[in-house]
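The values are calculated or read from the model by the stated rules, or taken from the named source; none is laboratory data. All values reported here derive from a predicted model rather than from experimental measurement. A quick note on method: Cβ atoms are made from the backbone with ideal geometry, for glycine too, and the neighbour counts reach across all protein chains shown.
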């Protein structure tokens, strides 16, 4: 009788757990690189199962549609394929969902609850406050080759006049026009600084992001280059713009894209590369993984093991010519590696198959395949306009020594003599004054963009502008 009673109690508890309502609003706090971002999920019941939308209040994003939403047993799974996001969590008796948030190959623990999370006030002293002492206009322009419209902001030193202009090109991942990350808005700070100093600036939301149309998830750097070309074509229609003084400023992947555009167009008068990659994608990621791993406390044995696994991934991608076959090859590779390494642990609520599937999907995206295979050197060799390349000495994502040497070597190969490369001391990948350069510091640093870097950019631009 006692056994039966215990069994009935277990069944009763289990049914109570599974019977909990998953619909409604769930609130989470994502801790990334020392910063905290609130995320809100809205789950609704449908005839066929569930659907949901996601808000990121601290980034000004609301109603982001998700691709799939499932709730089976006590496990909630949500995918936002457009942004490369996956969330998996387990609903407990206390009405808390314990789980993990994954994006771009990185996993962060994030629990969800019904309790509203108040916004944490972040100090960002460089961020300009309205009213601005210059003209600002929200604009849209067409990328006719892609059949999409892009939304952005054009700032002019004055409403009337003719001005030199720069187009700001964001780094990797879906970014808004301010390149907002961890409460920082570096493109807003750069735009404000340059416009106050007589230079017009166009910055825009990446395709498929915020107010811009298109599909971010299927695009590569080559596609983003056509968005920049569309921005330049739009600027040429504006009477306030000096058509002979149109330049590009690209950060990180944006520094990869700027030479693509400049190498083909006589409309580009100059380019500025802010931590723009000058070495092949697989080599860059290998260096980046080592440096960030070391900064995060990995020992030599762990670093060596990670290097072998990562190099195996890169080789599979580089040899691939078919995405379906690539997924099969990567799946088999991960299964072999997990078998060999018994220390690999799955995250809560994630099976081995789901873990592998998530990693394979991240690596097999068009963007990642292109980036791994891409060598910037041949394109840099074709750039004839003046180039400024700035890197931070503590950048762990684009190591400055190897990067600047490669950029300079490629640019001079075909005779470009107007080249300036500068390694700025104590700056990280976001061009913040820092201690270690680790991404974990990005959100905790109050400075958004080094005044020294801003001064170097403006000083060089004034030389190029007649």
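Quick look at the numbers
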read-out: Residue, surrounded by the most Cβ atoms within 10 Å (Cβ to Cβ), within segment 89-106, restricted to residues that are touching a helix residue (DSSP H, G or I) at 6+ places or on another chain (Cβ under 9 Å) and more than 30 Å from residue 213 (Cβ to Cβ); value: 91
read-out: Which listed residue, of 142, 86, is touching a helix residue (DSSP H, G or I) at 6+ places or on another chain (Cβ under 7 Å) and assigned by TED's automatic domain parsing to the domain that holds residue 26; value: 86
read-out: From the options 443, 437, residue that is under 25 Å from the mean Cα position of the chain (by Cα), assigned to a loop (DSSP other than H, G, I, E, B), modelled with pLDDT under 95 and surrounded by 15 or more Cβ atoms within 10 Å (Cβ to Cβ); value: 443
read-out: Residue 150 assigned to a strand (DSSP E or B), under 30 Å from residue 433 (Cα atoms) and at pLDDT 95 or above; value: no
read-out: Segment 193-208: number of residues that are over 14 Å from residue 254 (Cβ atoms) and buried (at least 23 other Cβ atoms within 10 Å of the Cβ); value: 4
read-out: Helices (runs of 4 or more DSSP H) within segment 194-304 that include 3 or more residues in contact (Cβ under 8 Å) with a residue 12 or more places away in the chain, closer than 22 Å to residue 317 by Cα and out of contact with any strand residue (DSSP E or B) (no Cβ under 7 Å at 6 or more places or on another chain); value: 221-235, 281-295
read-out: Options 273, 248, 256, 287; residue that is under 15 Å from the mean Cα position of the chain (by Cα), within 30 Å of residue 438 (Cβ to Cβ) and either in the same structural domain as residue 156 (by TED's automatic domain parsing) or modelled with pLDDT of 95 or more (or both); value: 256
read-out: Those residues of segment 110-139 which are outside any loop (DSSP other than H, G, I, E, B) and surrounded by 14 or more Cβ atoms within 10 Å (Cβ to Cβ), in sequence order; value: 112, 113, 135, 136, 139
read-out: Residue, surrounded by the fewest Cβ atoms within 10 Å (Cβ to Cβ), within segment 27-74, restricted to residues that are in contact with a strand residue (DSSP E or B) (Cβ under 8 Å, 6 or more places away or on another chain) and in a loop (DSSP other than H, G, I, E, B); value: 49
